[in-house]
Amino acid sequence: MSVADTNVLADQASRTARPPLLTIRGVKTYYGNIVALKGVDLDIYEGEIVTIIGANGAGKSTLMMTIFGNPRAREGTITFAGRDITRVPTHEIARMSIAQSPEGRRIFPRMSVFENLQMGASINNAAHFDEDLERVCTIFPRLKERLHQRGGTLSGGEQQMLAIARALMSRPRLLLLDEPSLGLAPLVVKQIFDVIRELNKRDGMTVFLVEQNAYHALKLAHRGYVMVTGTITLSGTGQELLSNPQVRAAYLEGGRH
Ligand SMILES: Nc1ncnc2c1ncn2[C@@H]1O[C@H](COP(=O)(O)OP(=O)(O)OP(=O)(O)O)[C@@H](O)[C@H]1O
Ligand SMILES: [Mg+2]
């Protein structure tokens, strides 16, 4: 048995021995009378990178936002670190070591890069601010050069880096990333995916990644889910999904690699 095989077995054993860090069961979310999530089940274990792929409007962002309670699940349960957070207010969830970098970046455009990073940190613990600032500046040297520039004047790629850096300032146990590659040049996409891989490997950070760029996402992730109009239709390891004919036909062939 190779070392790789042993690692896989150890990984499976630890997964079955411990409950998931995040459990989603039967979650239904509505916008008014329109159902966006039709009963979603999903697990994320500590130390994993899990991705969800799917077409425009499938409900990926809705699922990520529902974890934060905005919009709120109308049915089903969401459990984080053993606590039922289905009805916990959003501002309280933000204090529970879950951080998100939402779709469309949503940085504060009038604030400087430094102030944006302060906003990320203030949620949790100001005590290690300097250390955390140093850390994100090492990961994204571009931000270090621009600490006093207003967020709104950063380039698209730089704003994406800032959104991720801001999320990291709270030292999350679970990092939720919605479309970190959207609209970015291939080189910047690669940099951001390298950073995600590194944070997971080095710090054991658990990552839930929403991506339309299925090829990159499945290559990076340990496991993935496919969502079609509010329902999970497939799940498996990143490799399994990459070689799945349905996934290839719908999300990979002729797609943006
Ligand atoms: N605030 C809202 N009000 C009403 N409908 C909404 C709202 N936000 C999203 N929807 C609808 O819910 C469905 C799921 O949208 P969602 O943004 O979750 O999709 P997505 O998978 O993230 O798509 P994309 O890949 O384009 O980002 C879509 O049909 C969308 O039009
Ligand atoms: Mg989306």
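Taken together, the values in this text are just the output of simple stated rules run on the coordinates, not laboratory data. The structure displayed is predicted, hence computed values, not measured ones. Glycine gets a Cβ as well: all are built from the backbone with ideal geometry, and neighbour counts include every protein chain shown.
Worth a mention:
- The mean sequence distance of close C-alpha pairs (under 8 Å, at least 6 residues apart), as a share of the length of the chain, puts its relative contact order at 25 percent.
- Net charge, LEU242 excluded, C-beta distance under 11 Å - Lys, Arg +1, Asp, Glu -1: +1
- Note on the range 50-203: Cα-Cα pairs beyond 26 Å make up 25% of the total pair count.
- Dividing the C-alpha radius of gyration of the range 185-257 by 2.2 N^0.38 Å, with N its residue count, gives 1.12.
- Selection among LEU182, ALA58, ILE139 by position relative to the dipole of the chain gives ALA58 as farthest towards the positive end (Cβ unit charges, Cα centre).
- The local environment of MET64, defined by Cβ-Cβ distances under 12 Å, has a net charge of -3 under the rule Lys, Arg +1 and Asp, Glu -1.
- The chain: angle of helix 186-203 to the longest principal axis, Cα-based, in degrees nearest 10: 80 degrees
- Alpha-carbon radius of gyration plus Dmax, which is the widest Cα pair, for the range 129-238 in Å: 14.7, 46
- For the chain, the pair-distance distribution built from all alpha carbon pairs, in bins 5 Å wide starting at 0, is 1, 6, 13, 17, 19, 17, 14, 8, 4, 1, 0, 0 percent.
- Helix axis angle, 3-17 relative to the chain longest principal axis, alpha carbon, degrees: 90 degrees
- DSSP beta bridge pairing in the chain, given as percent antiparallel to the nearest 5: 55 percent
- 0 to 90° range, to nearest 10: angle between helix 156-168 axis and the chain longest Cα axis: 80 degrees
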